[in-house]
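The structure appears right after this line, and notes come after that.
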Amino acid sequence: MPNIKRLLKAKNLLLFAILYSCLISVLFFVPSPQLPEIEVSGTDKIVHGLIYFVLINLWMFYFYTKNGFSLKLKCILVLIILLLLYGIIVEILQHLLTVSRQADIYDIAANLIGSLLGIFFFQNIKKYLNT
């Protein structure tokens with residue numbers, strides 16, 4: 001348990017959140033021929049949802065621990081809006097700056113669904129984090 005509490009320190013979570021955010025930002029612009037191809041329909045949307053599920057949880061964990069194990073609704077709303085805007089900007093830039101990728105409204109929807117599921121998950125497990 002002491003190792004878990006040490007891992008949950010705000011500065012470590014901030015580092016993880018920033019590194020993960022940077023990693024996915026880079027991966028969203030890797031040309032698609034260089035990515036592994038999976039022949040299952042909808043897999044791309046599941047991947048988008050999972051990426052945003054993790055992304056919003058990392059940022060919520062950070063703000064939760066930073067604020068003394070408290071997270072206000074306003075903070076969650078700001079996070080979801082920022083992640084939604086981030087996803088929209090990424091999709092637009094993919095369309096404008098890459099040849100092998102294009103903007104997809106369903107990617108944005110998958111990002112939003114992943115974020116909302118992440119919020120639901122976080123709300124259900126946060127009571128176990130400050131014990």
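With all protein chains in place and a 1.4 Å probe, the accessible surface of the stretch 39-128 carries 74 percent carbon and sulfur. Using the structure shown, list the pairs from LYS74/LYS127; LYS9/LYS72; LYS9/LYS45; LYS11/LYS45 with a Cα-Cα distance above 28 Å, or answer none. With Cα atoms farther than 28 Å apart: LYS9/LYS45; LYS11/LYS45. In the full protein context, the stretch 9-131 carries 63 Å² of accessible surface per residue, based on a 1.4 Å probe and ignoring ligands, DNA and RNA.
The values are calculated or read from the model by the stated rules, or taken from the named source; none is laboratory data. Computed from a predicted structure; not experimentally measured. Surface areas here come from the heavy atoms of the whole protein model, side chains and all, with no ligands, DNA or RNA. Shrake-Rupley method; radii C 1.70, N 1.55, O 1.52, S 1.80 Å.
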